[in-house]
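Everything on this sheet refers to the single structure shown next.
The values are calculated or read from the model by the stated rules, or taken from the named source; none is laboratory data. Not measured: the values here are computed from a predicted model. When we count neighbours, we look across all protein chains shown, and the Cβ atoms used for this are built from the backbone with ideal geometry, even at glycine. Ligands, DNA and RNA are excluded from the accessible area calculation, which covers all protein heavy atoms including side chains. Shrake-Rupley method; radii C 1.70, N 1.55, O 1.52, S 1.80 Å.
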There are 2 protein chains.
Amino acid sequence: MSGSHGDGQNLGLLCFYPHRAMEARVLAAVAAAGHGHITPAQGRIAARIGPRGTRLTDLAEQALVTKQTAGHLVDQLERAGYVRRVPDPTDARARLVQMAERGLEVVAIARRVEAEVEAEWTAHLGEEAAAQLRTALTRLREITDPYR
Amino acid sequence: MSGSHGDGQNLGLLCFYPHRAMEARVLAAVAAAGHGHITPAQGRIAARIGPRGTRLTDLAEQALVTKQTAGHLVDQLERAGYVRRVPDPTDARARLVQMAERGLEVVAIARRVEAEVEAEWTAHLGEEAAAQLRTALTRLREITDPYR
DNA sequence: TGACGTTGGTCAGATCTTCTGACTTGATAG
DNA sequence: CTATCAAGTCAGAAGATCTGACCAACGTCA
């Protein structure tokens, strides 16, 4: 539901291609490193886990899915040993989802591949245009990401 | 599976927010116009139907889904009256998926909302930065979209 | 012209993702 | 202390997507 054909594609659709390409590259590298098969949905949740752990509700909100969906995906990640749930010391109702050791390995791979891909993009666009792109997207995020 | 936290987010993730925002706005407007509920997946297929119709296989390829998935989504769109399948005069095996009248109404709404959203973005970024953003994304597409 | 590999598309079955609604338990404000 | 709100879970259903197996029409090359 977006995108005329030919040259003048709408900006929303134009944003889609790089995102898809990046996600595919990261997922492929993680799989190639022997970490079985992490699904895109699992990845999108996992990518939002903060250094000290994050509440399920917060993960759901940031990823724009329901608590149930987030809970289900965390179940899968937990079963596979990538994350763990620990009690939140500040609220007995809540639990924090934290990266486990195995999860940290995957994060390291993801960061490396992200850097590689960005380098390729920068090489294609040139330093200056790449920097401008980052600036513009960051500013655009101010009005397109409800969970900054 | 992408994205550090804080400021320095990776470009792939930064691309995600505008895309998501655009898709959500278009879908909301279509729903508000009384066109029941078109799902994101249906929209992504429908958006790739050309003016004279497009083969299922081509739709699947461009949307990066299997023929089966594309066929399933076209079934739904056809049942809802948004598209129709007609025989391809040049190949008896193939059929062309074309927009029906009802579908064209939706396309018109989508185009209008896309333009509105782009105008908002341009207002936020400034004319020049918006133009540069479009240029950079278009060039990036050269290396991130396998089906240009 | 007819056998063979290719291409457009469907059928069947499975898995993954996501949602709505109802519920439990703990936190918090009057 | 009670009414309400927030964090999560349970249950069930609908969507979206995949793999594998098939069929029919196309194109080609001997």
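Below, the figures for the structure above:
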{"read-out": "Condition check for residue B:100: within 29 Å of residue A:140 (Cα to Cα) and surrounded by fewer than 18 Cβ atoms within 10 Å (Cβ to Cβ)", "value": "no"}
{"read-out": "Pairs where the first residue, in segment A:63-85, is in contact (Cβ under 8 Å) with a residue 12 or more places away in the chain and the second is more than 8 Å from DNA strand D (Cβ to nearest atom) and among the acidic types (Asp, Glu), C-beta under 8 Å, 6+ apart", "value": "A:84/A:78; A:85/A:78"}
{"read-out": "Members of segment B:47-56 found to be at pLDDT 95 or above and within 13 Å of DNA strand D (Cβ to nearest atom), listed by number", "value": "B:55, B:56"}
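Yes/no matrix, rows are residues, columns are (1) out of contact with any helix residue (DSSP H, G or I) (no Cβ under 6 Å at 6 or more places or on another chain); (2) within 15 Å of DNA strand D (Cβ to nearest atom); (3) open to solvent by less than 50 Å² (accessible area, probe 1.4 Å); (4) among the aliphatic types (A, V, I, L, M):
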position	(1), (2), (3), (4)
B:80	yes, yes, yes, yes
B:83	no, yes, yes, yes
B:86	yes, yes, yes, yes
B:117	no, no, yes, yes
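A quick yes/no check of all residues on (1) small (Gly, Ala, Ser); (2) out of contact with any Asp or Glu (no Cβ under 9 Å at 6 or more places or on another chain):
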| residue | (1), (2) |
| --- | --- |
| A:48 | no, no |
| A:73 | no, yes |
| A:80 | yes, yes |
| A:84 | no, no |
| A:88 | no, yes |
| A:114 | no, yes |
| A:132 | no, yes |
| A:141 | no, yes |
| A:145 | no, yes |
